[in-house]
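Report on the structure given below.
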Amino acid sequence: MEFTEKHVLGLKDLLYRMSDDLLILGHRNSEWTGLGPILEEDIAFSSMAQDKIGQSLALYQILQELGENEPDVVAFMRNAEAFHSCKMVELPIGEYDFSLVRHFYFDHQSAIRMDMLKDTVVEPLQMVARKFRGEIKYHTMHADTWMKILGAGSAKGKERMQKAILENAGLALGMFELSDYEVELSESGIFAGEQALKSTWIETVSQKLESFGFNVPDWDTVTPVYGGRKGEHTADLQPLLDEMTEVFRIDPAAEW
Amino acid sequence: MYGNTYIENSEKQNKLTANEDPKKLAEFEARIAAGDKIEPHDWMPAEYRKQLVRMIEQHAHSEIIGSLPEGTWITRAPGFRRKLALMAKVQDEVGHAQLLYSAAETLGKSREDMLNDLIKGNSKYSNVFNYPALTWADSAVIAWLIDAGAIVNQLANSKGSYGPYVRALERICAEESFHLKYGHDNVVFLATGTPKQREMVQEALTRWWPPIMHFFGPSDKLSVHTEVLMRWKVKMGSNDDMRQTFLDMYVPKIWDLGLTLPDPNLKKNEETGKWDYTEPDWDEFKRVINGDGPCNKERLAVRRMAEEKGRWVRQAILKKDSQYVAPLS
Amino acid sequence: MKIKSLDPRITRAKIDENTQEGVLNPMDHFQTYEVFEQKKRGTHHCHVGSVHAPSAEMAIIFAKEQYTRRGQCVNLWVVKTSDVMVTEYLDSDIFETTETKSYRDPNSYKVMDRIKAFKERQTEL
């Protein structure tokens with residue numbers, strides 16, 4: 001079908017929410033590099049942060065084909081209000097319980113979203129979704145292995161994880177804030193929509209959490225933390241962006 | 001990233017092998033002389049084991065602490081290309097630490113004991129990492145020249161006599177060549193860039209030159225100790241030789257970019273074929289390596305924090321029936 | 001005093017400059033697993049090193065990034081180091097073969113001379 005202006009806006013919004021999420025979370029997770037709980041995990045976590053940033057780059061490249069600015073400009077030169085990322089990804093890394101639960105919530109979302117996009121009518125997006133399938137599969141394996149072992153571990157450790165699972169449920173649901181273009185996206189075969197994504201995600205993570213021995217959040221009563229997709233962010237995002245661009249701003253005309 | 005082992009010549013030299021079985025010692029030395037490798041459960045002189053543990057452990061510490069000065073710029077690396085490459089590089093340093101600790105473990109010291117000696121200040125690491133990476137350009141200079149120095153040393157050590165160390169170094173050297181290329185690329189962009197960028201990289205180079213000259217350590221004393229370690233292929237080249245190799249390979253490349261080095265005496269002596277330079281300040285080197293450098297305190301505190309933050313995670317998943325044995329090789 | 005670092009990550013971590021924390025106990029970094037990688041189908045798995053890990057499952061997760069993040073790999077094995085039985089180098093003389101075992105060597109079977117002589121005898125008849 002012929003894309004109208006609204007279809008393109010919807011596609012751009014979809015691409016921005018995906019790429020901004022990946023960029024910001026990749027940045028956050030990169031902060032663990034050299035500081036992880038054990039050398040081996042440090043290496044694994046750093047790889048996944050690199051993967052996320054690499055994936056965001058691929059998505060910004062599609063945006064560039066749609067007429068947006070080049071990736072380095074888009075990623076490093078916008079203010080917080082222009083970011084479509086959800087609030088969960090912008091929070092500081094905190095302790096490892098938070099970082100792991102965020103990783104578990106986010107990466108399952110990413111895996112399901114990419115899976116839904118493997119047959120999208122937007123060919124370059126279809127290619128990206130297929131290209132990164134292996135990377136994302138490892139990310140969810142990594143997250144599941146950690147959640148499983150902590151679920152079966154000491155009472156103290158399990159309690160910390162359980163707390164993080166429940167406390168961050170609302171932030172996680174914020175990932176699925178509806179777009180203004182849900183109808184256009186689904187009718188055109190671009191993307192089946194946030195609602196469908198959310199249902200599959202809830203089913204997946206609930207089943208996993210339960211099998212790992214954790215209490216599952218009561219999703220119906222959890223209040224989603226929205227706003228991020230519409231450019232409203234926590235106080236943590238702008239400082240992160242300022243930090244990201246500190247070197248760039250020394251000499252904006254330069255090639256780094 | 002590692003310069004050269006810092007050996008204190010404190011032993012009474014005739015005591016190095018005094019208590020060893022002469023027959024076994026002769027066999028051991030013959031094996032090394034024949035170019036054969038020593039493996040973990042082989043008989044080895046106590047001094048060989050001690051010096052190897054010390055050296056590999058220092059090397060591992062240097063990797064893990066070496067990830068910090070460059071890590072300073074991880075969240076601020078400009079643009080996708082630099083960001084991804086810097087993350088991959090710092091990740092490699094952590095990976096190298098993992099490989100090296102494992103190699104040292106085969107000699108009978110646990111990773112926990114080595115890390116404890118690091119954070120308690122009982123064990124050394126490359127002195128250069130006690131200096132700060134003040135600007136983005138510092139991280140570029142480190143990635144290029146410190147890694148270049150490390151490669152000179154590591155290539156030499158990869159021909160050493162201890163199997164597990166040699167195997168770890170083979171993998172490490174392959175990865176370091178990416179670091180060197182990345183670092184060079186980064187410096188070239190700055191040096192051929194805007195006036196501001198050139199200024200940044202020149203300043204960083206000027207700052208890092210004294211630590212770089214310190215990197216390979218002071219001239220070795222011609223002691224029996226050094227001679228024995230060379231014969232055992234623990235130490236693979238004199239500190240001065242390594243420094244000369246480094247200068248030979250990299251000073252021309254630095255000058256090629258129109259950058260200057262803060263040593264008026266630095267030049268290749270046509271007669272000797274060697275580089276003349278102003279003797280580095282070895283008092284400063286000793287002061288810093290013994291704890292009184294600009295970043296020593298921070299580096300160790302950060303390492304302590306990393307271990308402490310990870311404690312609950314590790315304890316939560318440690319299985320009670322776990323049994324430690326040293327890795328195989 | 002909290003460390004005010006050039007590294008914003010470190011400043012955010014609010015570390016006490018004089019912290020005495022972080023000292024490790026034995027087993028804090030778990031036991032070790034030996035790692036074997038298969039570079040492509042049809043080839044043998046080869047030993048590439050070891051990882052510290054709390055379980056075999058986690059050892060696989062760790063080994064994947066530590067040992068295959070650049071290279072080609074299609075399959076990984078991990079096995080607890082403590083489960084590996086090894087020979088002693090001291091006993092490596094057991095691997096020496098002697099000339100008396102030439103019957104195992106294909107080159108020690110040289111029948112052509114015999115066949116040739118046989119054929120010559122046949123024609124003489």
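The values are calculated or read from the model by the stated rules, or taken from the named source; none is laboratory data. From a predicted model like this one, the values you see are computed outputs, not experimental measurements. Glycine also receives a Cβ, built like all others from the backbone with ideal geometry; neighbour counts cover every protein chain displayed.
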- Query: Considering only region B:33-44, how many residues are surrounded by 19 or more Cβ atoms within 10 Å (Cβ to Cβ) and touching a residue at least 40 places away in the same chain (Cβ under 8 Å)?
  - Reply: 2
- Contacts under 7 angstrom Cβ, first residue in region A:157-170 being in contact (Cβ under 8 Å) with a residue 24 or more places away in the chain, partner of a type in the set (D, E), 6 or more apart: A:R160/A:D97; A:M161/A:D97; A:A164/A:D97
- Qualifying positions in region B:4-29 - modelled with pLDDT of 75 or more and either surrounded by 11 or more Cβ atoms within 10 Å (Cβ to Cβ) or closer than 16 Å to B:R49 by Cα (or both): B:L16, B:T17, B:A18, B:N19, B:E20, B:D21, B:K24, B:L25, B:A26, B:E27, B:F28, B:E29
- Message: Which of the helices (runs of 4 or more DSSP H) found entirely inside region A:126-210 contain at least 2 residues meeting this: of a type in the set (D, E, K, R), away from chain B (no Cβ under 14 Å) and closer than 24 Å to C:A63 by Cα?
- Response: A:133-151
- Note on the structure: Picking from A:P224, A:P239, A:P217, the residue that is of a type outside the set (A, V, I, L, M, F, W, C), out of contact with any Phe, Trp or Tyr (no Cβ under 8 Å at 6 or more places or on another chain) and assigned to a loop (DSSP other than H, G, I, E, B) would be A:P217
- Message: With the condition being within 14 Å of chain A (Cβ to nearest Cβ), I'd like the helices (runs of 4 or more DSSP H) fully within region B:219-329 carrying at least 1 qualifying residues.
- Response: B:296-317
- B:G35: passes all of (1) assigned to a helix (DSSP H, G or I); (2) more than 9 Å from chain A (Cβ to nearest Cβ); (3) modelled with pLDDT of 95 or more but (1)
- Item | Matching residues, region C:13-30, being loosely packed, with under 13 Cβ neighbours inside 10 Å, closer than 23 Å to B:E298 by Cβ and either more than 7 Å from every other protein chain (Cβ to nearest Cβ) or not acidic (D, E) (or both) | C:K14, C:N18, C:Q20
- Task: Could you tell me which of the residues C:T100, C:T87 is modelled with pLDDT under 95, over 26 Å from A:T140 (Cβ atoms) and within 17 Å of the chain's Cα centre (by Cα)?
- Result: C:T87
- Query: In region A:35-48, what residues are in contact (Cβ under 8 Å) with a residue 24 or more places away in the chain, within 7 Å of another protein chain (Cβ to nearest Cβ) and in a helix (DSSP H, G or I)?
  - Reply: A:A44
- Could you list, in sequence order, the residues of region C:45-100 that are among the basic types (K, R) and touching a residue at least 40 places away in the same chain (Cβ under 8 Å)? C:K80
- Among (1) in contact with a Leu (Cβ under 8 Å, 6 or more places away or on another chain); (2) buried (at least 22 other Cβ atoms within 10 Å of the Cβ); (3) within 14 Å of chain A (Cβ to nearest Cβ); (4) of a type outside the set (D, E, K, R), where does B:N186 come up short? (1)
- Message: Can you pull out every residue in region A:173-189 that is surrounded by 15 or more Cβ atoms within 10 Å (Cβ to Cβ) and among the acidic types (D, E)?
- Response: A:E177, A:E182, A:E184
- Query: Taking region B:127-153 on its own, how many of its residues are farther than 18 Å from B:I254 by Cβ, modelled with pLDDT of 95 or more and within 11 Å of the chain's Cα centre (by Cα)?
  - Reply: 1
- Note on the structure: How many residues of region A:217-256 are of a type in the set (G, A, S), surrounded by 14 or more Cβ atoms within 10 Å (Cβ to Cβ) and within 14 Å of chain B (Cβ to nearest Cβ)? The answer is 1
- Task: Only residues in region C:13-36 that are on the phi > 0 side of the Ramachandran plot count as the first member; pair them with residues that are of a type in the set (V, I, T), Cβ under 7 angstrom, at least 6 apart or cross-chain, and list the lot.
- Result: C:G22/B:I119
- Task: Scan region B:227-282 for residues that are in contact with a helix residue (DSSP H, G or I) (Cβ under 8 Å, 6 or more places away or on another chain), surrounded by 14 or more Cβ atoms within 10 Å (Cβ to Cβ), under 18 Å from B:A156 (Cβ atoms) and touching a residue at least 60 places away in the same chain (Cβ under 8 Å) and report the count.
- Result: 12
- Show the residue pairs that are 6+ apart or on different chains and have beta-carbon atoms under 6 Å apart, the first residue being within region A:1-26 and over 13 Å from A:S110 (Cα atoms), the second being of a type in the set (S, T, N, Q) and outside any helix (DSSP H, G or I). A:M1/A:S188; A:H7/A:S188; A:D13/A:S179; A:I24/A:S85
- Considering only residues that are buried (at least 24 other Cβ atoms within 10 Å of the Cβ) and under 27 Å from A:W256 (Cβ atoms), look in region B:149-175 and name the one that is farthest from the other protein chains (Cβ to nearest Cβ). B:G149
- Could you run through region C:61-87 and say how many residues are assigned to a helix (DSSP H, G or I) and either more than 7 Å from every other protein chain (Cβ to nearest Cβ) or in contact with a helix residue (DSSP H, G or I) (Cβ under 9 Å, 6 or more places away or on another chain) (or both)? 9
- Task: Scan region A:113-125 residue by residue and report those that are assigned to a helix (DSSP H, G or I) and either under 15 Å from A:Q55 (Cα atoms) or within 14 Å of chain B (Cβ to nearest Cβ) (or both).
- Result: A:R113, A:M114, A:D115, A:L117, A:P124, A:L125
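Anything in region C:103-122 that is modelled with pLDDT of 90 or more and in a helix (DSSP H, G or I)? List them, or say none.
Answer for region C:103-122, where residues must be modelled with pLDDT of 90 or more and in a helix (DSSP H, G or I): C:M112, C:D113, C:R114, C:I115, C:K116, C:A117, C:F118, C:K119, C:E120, C:R121, C:Q122.
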